[in-house]
Amino acid sequence: MTDDWSGVLDAAERDAVCARIDDWAARELATGGALVAVDRQVGGDPITGAPRWYLRLRGDEKEFVTVWLTLRQRTLRHEAQFMPAPETNIEATWEYLLKRNADLIGLSFALGAEDAIYLVGRVPVSRVDDDELDRIVGSSLAYTDECFPTAMSIGYEGRYRRRPQSER
């Protein structure tokens with residue numbers, strides 16, 4: 001695949017991208033870092049049947065962060081459920097998250113199923129390599145750890161408590 005490639009993946013190219021993601025995930029699991037589990041589903045996307053990976057990461061502010069990678073025809077879509085729908089200060093929660101979007105690189109906060117809040121992004125399949133996968137997963141984890149306490153404190157005022165330092 002060339003960097004300017006923009007066509008639809010054929011079967012061999014799809015297999016190559018899948019193998020690249022599988023190999024990266026296996027190496028990351030072996031390091032004993034933040035990635036603690038990987039589940040690959042061949043036809044995991046319920047709409048398109050595209051391959052999907054669930055990457056479970058150990059977080060600081062949120063005990064676990066799961067990043068979903070979905071291989072589409074031209075892009076690798078990535079998303080992480082950030083928090084459930086806010087129950088208090090809904091407008092203020094969205095204001096905080098939308099303002100934070102201006103500082104995020106390669107991801108943005110978005111409204112998802114059941115009004116939950118997600119961190120989402122996508123990259124062309126031609127960019128899927130170890131460095132890009134590191135960026136996707138690392139950014140998802142870093143932005144969650146950075147923004148989660150404030151968003152939850154606004155959206156669940158009086159009910160959200162940060163994890164004790166000893167549990168992080």
Taking the C-alpha atoms of the chain, how large are the radius of gyration and the largest Cα-Cα span, Dmax, in Å? 16.8, 53
Candidates LEU141, LEU104, LEU76, ranked by Gaussian network fluctuation over the chain, Cα under 10 Å, top entry: LEU104
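If you average 1/r over every pair of different alpha-carbon atoms in segment 120-159 and take one over that average, what Kirkwood value in Å do you get?
Working: mean 1/r = 0.0841 Å⁻¹.
The Cα-based Kirkwood calculation yields 11.9 Å.
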How far is helix 90-101 tilted, in degrees, relative to the longest principal axis of the Cα atoms in the chain, given as a value from 0 to 90 rounded to the nearest 10? 50 degrees
Rough spin-label spacing in nm, given labels placed 7 Å along Cα→Cβ, for ARG161 and VAL123: 3.9 nm
Residue-averaged 222 nm ellipticity for the chain, from DSSP H runs of 4+ at -39500 (n - 2.57), nearest 500: -12000 deg cm²/dmol
Within the chain, what is the longest stretch that has no GluC sites (Glu not before Pro) placed in a DSSP loop and near at most 14 other beta-carbon atoms within 10 Å? 88-156
For the Cα atoms of the chain, what angle does the longest principal axis make with the long axis of helix 130-155, in degrees from 0 to 90, nearest 10? 20 degrees
With springs only between Cα atoms under 10 Å, which of GLY121, GLY112, GLY155 fluctuates most in a Gaussian network model of the chain? GLY112
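The numbers here are math on the coordinates, done by the rules we state, and not lab data. Just so you know, these numbers come straight off a predicted model, no measurement behind them. Cβ atoms come from the backbone with ideal geometry, glycine included; neighbour counts cover every protein chain shown.
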